[in-house]
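These notes concern the structure reproduced below.
The values are calculated or read from the model by the stated rules, or taken from the named source; none is laboratory data. Just so it is clear, the model here is predicted, and its values are computed rather than measured. So basically every Cβ, Gly included, is an ideal-geometry build from the backbone, and we count neighbours across all protein chains shown. In case anyone asks, the SASA skips ligands and DNA or RNA and just uses the protein heavy atoms, side chains included. Shrake-Rupley method; radii C 1.70, N 1.55, O 1.52, S 1.80 Å.
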Amino acid sequence: MSTPLEQWVESAARMTRPAHIQWCDGSEEEDARIKEQMIREGSTFPLNEKTYPNSFLHRSDPSDVARTEKVTFICSQDPGEAGPTNNWLAPAEAKKTVGALFEGSMKGRTMYVVPYILGPASSPQSRVGVEITDSAYVVASMKIMSRMGKVALDRLGSSSDFVPGLHSLGDLSPDRRYVVHFPEENLIWSIGSGYGGNALLGKKCFALRIASSMARKQGWMAEHMLILGMEAPDGKVTYMAAAFPSACGKTNLSMMVSALKNEGYRVWTVGDDIAWMQVGADGYLHAINPEAGFFGVAPGTNDKTNPNVMAALRKNTLFTNTAMTPQREPWWEGMSSNVPTDMLDWQGRAWNPSNGPAAQANSRYTVPAVQAPSISPRWDDPAGVPISAFIFGGRRARLAPLVYEAMNWQHGVYVAATMASETTAAITGAVGVTRRDPMAMLPFCGYNMADYFGHWFEMGRNIPHPPKIFHVNWFRKGADGKFLWPGYGENARVLKWMLERIQGKGAATETPIGAVPAPNAITLDGLDVSRETMSELLRVDPSDWIKEHADVGNFFERFGDRLPEGISEQHKGLGARLQRTTVGPK
Ligand code: GTP
Ligand code: SPV
Ligand code: MN
């Protein structure tokens, strides 16, 4: 008798007709063979064995360098289940259209069967997925990003309790690229892309889109959040989770070297992109990191902005679409002030600045989490870590202050639901366009976003000790167009204020949108930020916020009467507070 997994593998092989089938065990020997295969295929290159041992540079197809949201679909029976912010296809239609592309797509190629666990191997919160792929790069990446191979097969046994994900490179044509999700069957199909979130199906497809839909039914949360522990001078560690849209600073915040480390404040990394959370016996929300590695944005990373990542990257790392120096070392814009000569750009051409940046703007590194010097001793804790604060934020050149605190859970859900951010190179399309991105989940919520807001309210009723909710904006700009806040390790100063607020200390000033730090409440010692700049960073301009409020109202209209009452109430409340402020007290 074959197991449910074997049956699914057989049916996938009948459809895609590979020349070979290889079951991955996750061993180092297997990993070495996969790397050899990648090198033979011609787009992967070993890096300097002395300075970057066991590290590789992979060049993707130039038309395949970021997530493609336009071809990402939620395929529920009822389009209302996908909601107005997702692309929708009827399941039968998706199976027909995308199935036709899978017909014979692996002919002459090897089909890899990649079992993996999301979350600590022994955690009850963890789940098993299996990805079938014809990409050796995907296998090598999944080995870093998840607990992959035998450990997952052992956990699965003959059970049918796994999320199947079928992936094929197809012909890599953007016209024949689809990333489709069937939340009612917990199934993922992806074809035509070898890139990150499109192809590593354990990441955004399972750990967010499918998992968010499971979490809603089962009473837990799957969020696009980093998880960090903030250590105070007394040695106590307070855990926080933060949701920022793609390429808006999650990896950097979670791995920061704190500017306040001499005062005893330091940051420990639990996760950099995704959090799965459920209410623990102690009444706190407990978070696990479903991943085992970091798939981080390379450009802008250097010894000053993120020394922890720079240290982590020196071995066993897979770089994608960076440039390469004559010493066979990776390079990207912002890595060093001296630009190496005679580089190959991300497409393998002799670098010529007239061709644009040497490294692709969304070039990335894939590195095992344990290599980070900041990795938390509890990052692999099967019980997860108790979360005391949620932080939301995005890129807003104007409007949003450096930090503010929501009044309570309901207000915090509203703050998160009204988040907006300027788009980045992590997704295909225009960069710098401000869009609403509730909870940084716009591209990742596997069901109707209005119901997702409802789920947040529901969770609030079920968490005896709910996290405090904050909003941050590291990206506010001055009249000169430059960032007002230095960011990176200096963000520890903002985390310190949050910690004080959690402890019932920390001075704050009420504004219509929430509480901002009182003047002097943020430690500025040793920092070249003037009091004037600080007050500009914390300024809340009611007339700007009245415009924002109207824009938010238009966004919410898209959800019709599916929008939870709690959101409408909060929206009215903010409108009234803003009116009172501009009119002045009677
Ligand atoms: P994804 O992996 O796409 O989810 O991105 P992310 O949210 O983890 O973003 P990441 O930390 O990789 O940062 C993305 C870009 O923002 C990089 O170029 C960083 O250098 C830059 N960045 C991160 N933190 C800050 C900050 O505090 N201030 C400024 N100005 N830039 C930052
Ligand atoms: C993101 O875009 O949020 C990422 C990169 O973390 S990807 O894996 O491509 O989704
Ligand atoms: Mn991300």
Subject >> Residue satisfying condition, being surrounded by fewer than 24 Cβ atoms within 10 Å (Cβ to Cβ), at negative phi and not acidic (Asp, Glu), within set Val413, Val385, Val433 >> reply: Val433
**OP:** Tell me, please, whether a residue that is surrounded by 24 or more Cβ atoms within 10 Å (Cβ to Cβ), of a type in the set (Gly, Ala, Ser) and out of contact with any Pro (no Cβ under 9 Å at 6 or more places or on another chain) can be found in the stretch 279-288.
**Re:** no
Original post:
Only one residue in Ala492, Ala515 is crowded, with 16+ Cβ neighbours inside 10 Å and not in a helix (DSSP H, G or I), so which one is that?
Top reply: Ala515
Original post:
For Ser246, all conditions in the list (1) open to solvent by 10 Å² or more (accessible area, probe 1.4 Å); (2) more than 16 Å from ligand 1 (Cβ to nearest atom); (3) not hydrophobic (A, V, I, L, M, F, W, C) hold save one; what is the number of the exception?
Top reply: (2)
Original post:
So which of Glu131, Glu81 ends up being assigned by TED's automatic domain parsing to the domain that holds Leu187, assigned to a strand (DSSP E or B) and in contact with a Phe, Trp or Tyr (Cβ under 9 Å, 6 or more places away or on another chain)?
Top reply: Glu131
Original post:
Among Trp268, Trp276, which is more than 12 Å from ligand 1 (Cβ to nearest atom), among the aromatic types (Phe, Trp, Tyr), open to solvent by 40 Å² or more (accessible area, probe 1.4 Å) and not in a helix (DSSP H, G or I)?
Top reply: Trp268
Subject >> Output for the stretch 410-454, where each listed residue is of a type in the set (Asp, Glu), modelled with pLDDT of 95 or more and not in a helix (DSSP H, G or I) >> reply: Asp437
Original post:
Name the pairs: first residue in the stretch 462-488 and within 23 Å of Ile502 (Cα to Cα) and in the same structural domain as Tyr284 (by TED's automatic domain parsing), second residue away from ligand 3 (no atom under 16 Å from the Cβ) and basic (Lys, Arg), Cβ to Cβ under 6 Å, at least 6 apart or on different chains?
Top reply: Asn473/Arg396
Subject >> Single match in Leu172, Leu226 (criterion: in contact with a helix residue (DSSP H, G or I) (Cβ under 8 Å, 6 or more places away or on another chain) and either within 16 Å of ligand 3 (Cβ to nearest atom) or on the phi > 0 side of the Ramachandran plot (or both)) >> reply: Leu226
Subject >> Flag if Lys203 is open to solvent by 10 Å² or more (accessible area, probe 1.4 Å) and within 16 Å of ligand 1 (Cβ to nearest atom) >> reply: yes
**OP:** Being farther than 17 Å from Val163 by Cβ, of a type in the set (D, E, K, R) and either free of Cβ contacts under 8 Å to residues at least 40 places away in the same chain or open to solvent by less than 10 Å² (accessible area, probe 1.4 Å) (or both) is the filter here, so list the residues in the stretch 108-137 that pass it.
**Re:** Asp134
Subject >> Residue among Arg364, Arg398 that alone is surrounded by 24 or more Cβ atoms within 10 Å (Cβ to Cβ) and touching a residue at least 60 places away in the same chain (Cβ under 8 Å) >> reply: Arg364
Subject >> Count - residues of the stretch 293-322 that are without any contact (Cβ under 8 Å) to a residue 40 or more places away in the chain and either open to solvent by 40 Å² or more (accessible area, probe 1.4 Å) or touching a Ser or Thr at 6+ places or on another chain (Cβ under 8 Å) (or both) >> reply: 3
